[in-house]
Amino acid sequence: MLISVAVPVPALPLLTYRLPPESPAAVRGARVLVPLGRRTVTGIVVGPAEGPEPESVRDAFEVLDATPFLPDEVVDLALWVADYYLASPGDALASAAPRSPGSKASRTTS
């Protein structure tokens, strides 16, 4: 099964990956580990890939969530924001996702 994945990298459109046969189905809004160049990144599944199959498709490594990490409404809103503001889908979805407790987020106090 081919899926469209948004990765948090500026200026990248949705990317297409193949789920390995032994992998569970990836639902819209779930997080997946995917290869990107020489590194592994966490992306968000936007849905099944549309259009003809590209010549070379890489396999996703792992589906991290059995249920959506982001609800459909949040995915829809983030994709609209990306389109309206000419941002990458991955950046918009990363901004909409909750931060993990251990992440370093900038904080301004006055």
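The values are calculated or read from the model by the stated rules, or taken from the named source; none is laboratory data. It should be emphasised that the depicted structure is a prediction, and the values quoted were computed from it without experimental measurement. Cβ atoms come from the backbone with ideal geometry, glycine included; neighbour counts cover every protein chain shown.
Results, tabulated for the structure shown:
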quantity	calculated
Condition check for A78: at pLDDT below 90, over 21 Å from M1 (Cα atoms) and either surrounded by 17 or more Cβ atoms within 10 Å (Cβ to Cβ) or aliphatic (A, V, I, L, M) (or both)	no
Top-ranked residue in region 18-62 [being at pLDDT below 95 and aliphatic (A, V, I, L, M); ranked as surrounded by the most Cβ atoms within 10 Å (Cβ to Cβ)]	A26
Any hit, region 49-63, residues being aromatic (F, W, Y) and under 14 Å from the mean Cα position of the chain (by Cα)	yes
